[in-house]
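The values are calculated or read from the model by the stated rules, or taken from the named source; none is laboratory data. Because the structure is predicted, anything quoted here is derived from the model rather than measured. Neighbour counts are summed over all protein chains in view; Cβ atoms, including those assigned to glycine, are modelled from backbone coordinates with ideal geometry. The accessibility values were calculated without ligands, DNA or RNA, using every heavy atom of the protein model including side chains. Shrake-Rupley method; radii C 1.70, N 1.55, O 1.52, S 1.80 Å.
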Amino acid sequence: MAEETGTVTPCKHCGAPIEQRQGRGRPRAYCLQGDCQAVAKRERELRRATPGLEGVLARAEEFYERMEKGMAATIAPLAQVLAEELSPAGVEAKLSAVQAEAHTRVAIARTEREQAFEQVRLAREATGHARRERDAMARHVEEANAERDIALADAETAREQALAALHEAAATERLAKHAEQEARRRAERAEMARDTAVREMTERVEAAEIEAQHLRP
């Protein structure tokens with residue numbers, strides 16, 4: 001009796017068409033020719049070892065694939081037992097129910113996988129946001145340091161200017177004291193000269209009076 005052909009699916013590694021056979025258990029995922037399955041396994045191992053998001057996704061995909069294989073391995077013996085012990089109609093009905101349950105589980109698993117991918121995406125966005133905040137904080141710190149340096153430089157300049165003003169004020173005060181002392185000395189000399197002139201004038205007047213008295217008859 002000829003085997004009934006089923007659907008044709010692409011190889012998960014190279015994409016070549018694979019003709020699936022009905023009633024043969026789990027569908028083939030890789031080509032029978034070549035080493036697509038071994039190459040794909042090595043690539044998954046390398047991806048799992050990759051740090052970061054790619055490694056997380058690779059491990060999630062492997063978990064999903066193992067889950068699909070486990071469900072297919074569970075369904076295949078059950079289908080064999082049903083085919084051997086029950087009527088064709090009953091086998092088909094029960095197999096349809098089992099397949100529907102399997103599809104439901106696969107849909108749930110896919111939903112969970114999509115949720116995991118969404119969580120990874122949100123985590124990546126949160127990481128990016130945190131990095132942006134860190135960079136913004138670093139810029140703020142740099143700006144604050146620059147403003148602090150400018151303020152310190154301005155304060156140093158103001159201190160130097162204040163010291164220069166103090167030195168200038170001290171020099172001006174010394175000059176003013178010197179000028180005051182000089183003015184005082186000049187005033188004293190002028191007063192002494194005045195007193196001398198008055199004394200000499202008085203002496204002359206007195207001498208003139210005495211001489212005038214002597215000249216009177």
- Message: Looking only at residues that are farther than 17 Å from M67 by Cα and of a type in the set (A, V, I, L, M) in the stretch 26-39, which one is modelled with the lowest pLDDT?
- Response: L32
- Would you mind stating whether E43 is closer than 30 Å to T127 by Cα and modelled with pLDDT of 75 or more? yes
- Message: Any residue at all in the stretch 154-167 that's within 32 Å of the chain's Cα centre (by Cα) and assigned to a helix (DSSP H, G or I)?
- Response: yes
- Going through (1) touching a residue at least 12 places away in the same chain (Cβ under 8 Å); (2) open to solvent by 60 Å² or more (accessible area, probe 1.4 Å) one by one, A109 fails only at (2)
- Item | Any hit, the stretch 78-85, residues being at pLDDT below 65, closer than 16 Å to P27 by Cβ and open to solvent by less than 70 Å² (accessible area, probe 1.4 Å) | yes
- Message: Based on this model, can you work out whether A212 counts as surrounded by 10 or more Cβ atoms within 10 Å (Cβ to Cβ) and part of a helix (DSSP H, G or I)?
- Response: no
